[in-house]
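These notes are about the structure you will find just below.
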Amino acid sequence: MSVQLALTSALSGLRTTQQQAAMVSHNLANATTAGYVRRDLDLSAVTTAGRGAGVRVDAVARKVDELLIRDARFETSRYSGQEARASALADYALVLGQPQDEKSVSTQLSKLQQAFSRLHDMPNDDAARNAVVSQAVALAGGLNRAAEAAQTVQDDARGRLQTSVDTVNTSLQRISDLNGKIATLETRGGDAGDLRDQRDRLLDQVSQEIGIRTYSREDGQVVVMTRNGQTLLDHPLAPGESPLTLLGDEVMANGVTLSANPDSEIQSGRIMGYVQTVKQDMPRAMAQLDELAAGLVQAFQGAEADPTQPGLFTDAGAAYGATAGLASRIAANDAVRTESWRVQSGVQAAAPLQPGDQTQIETFQAVFTGTRSFAATDMPANATLGSYATAMVSAQQGYRTGAESEMNARKISADTLETARINRDGVNIDDEMQKLLLIEQSYGASAQVVQVAGRMIDILLQIKG
């Protein structure tokens, strides 16, 4: 090897190790940066006339496992969807209570039945009469609060759904902008690694809101679709352009209503959880409450002399009108609030019955033991008021615990895949420090070659002189 070739090789080694040291330093500086992907330099040998002439940097390598990223995003998306739904169900279940809780409507209904039993034993006792009235008011109030809680949870989910849609649209706008920058920079031969990291972080955010699939074009731009293939981003977005829209309670993309069949069109993400809350969970809860309220109003109305007139429970002060929304309108009849003797003689009675007369009380008691028909989802078709109320509260708690169990299972899976992704693509400080030691040794070796070559040249000049 000639002295010139030795110098050329050594200098290329010095330049390469400088670049490697800078890259390792960049990795270490971003070790804790969320979404940062470790960089490496692709090196190759330089040959001149078939002889080695050093080393060169071909490219900055940002090597990621696309399959692992896809799986990690999907599991995280499934977890975030279940978390949103479980949180909403927990908020509602907290107000509804467990079947054995004092505040639950099933317990309040049981207490009303017990109050009538005590009144049957003491029909002339004012305290027993007042206890029935008080318990009727409490039961109606419990249904009102449960219906209000369901409506509040549904309204809150609507608001969060709009926020999620806005988040997706904002992120897609930024991804569209980064697509253009990445394509331009890489066409010029530049390193777009940091821009790709930013884009991946935005894609992670989008996947938490809605399940997505992505693929990259040859120019480095990424196309984003829902998991069922509805395109969200495949061209530069104009300012203010919204790939996702929310019309009422319907989530739409490209004119397709995704929320019409969320299990296939959306599949995962917070938007999925909010859609289920708005269109499935809370309407089901309210329908179940309305059926119980209708059963109470109609049953006690039927226990009166005129079954077409209001009984112990009313529909906003009137006779039964409609089941829809009745849980929020049900109220104890104002007549018994001011004249408690009516719970012994009949709400519609013109005058009190004879002292000790238990006839009407027994008619009221039969309301609790009689079987009625119900039409709510997941509820028994025929049941007593008490068994229906217990089944309803148990079912609602079951929805909550089921959602929480699935959420916890999804979290384990999501955390496992995210850890694997970080270990695969992230920065390991120990590994980078070892690389830095090897780079230092390589740099020292190249510097030694330069020194030796310099001494050789000095010796040759002395000999020539």
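The values are calculated or read from the model by the stated rules, or taken from the named source; none is laboratory data. Quick caveat: nothing in here was measured; it's all calculated off a predicted structure. All Cβ positions, glycine included, derive from the backbone under ideal geometry; neighbour counts span all protein chains shown. Only protein heavy atoms, including side chains, enter the accessible area calculation; ligands, DNA and RNA are left aside. Shrake-Rupley method; radii C 1.70, N 1.55, O 1.52, S 1.80 Å.
Some notes on this structure:
- Potential lengthening between Leu68 and Arg15 on full extension [0.36 nm per residue; Cα-Cα distance subtracted]: 15.6 nm
- Each Lys and Arg Cβ is given +1 and each Asp and Glu Cβ -1; about its Cα centre, the chain then shows a dipole of about 1640 debye.
- Net charge of Cβ neighbours under 15 Å - reference Glu241; Lys, Arg +1; Asp, Glu -1: -2
- Solvent-accessible area per residue in the chain equals 47 Å², computed with a 1.4 angstrom probe and all protein chains kept.
- Rounded to the nearest 10 degrees, the inclination of helix 359-369 to the longest alpha-carbon principal axis of the chain is 30 degrees.
- Highest average packing first - 130-137, 331-338, Cβ atoms within 10 Å: 130-137, 331-338
- Accessible-area order (highest first, 1.4 angstrom probe) of the listed residues Arg188, Arg56, Arg217: Arg188, Arg56, Arg217
- Peptide ranges 97-108, 34-45 listed from the most packed, as the mean C-beta count within 10 angstrom indicates: 97-108, 34-45
- Each residue of the range 198-210 was assigned a 3J(HN,Hα) from its phi angle through the Karplus curve 6.51 cos²θ - 1.76 cosθ + 1.60 (θ = phi - 60°); the sequence is 4, 5, 5, 5, 5, 5, 4, 5, 4, 5, 6, 8, 8 Hz, with glycine and proline shown as x.
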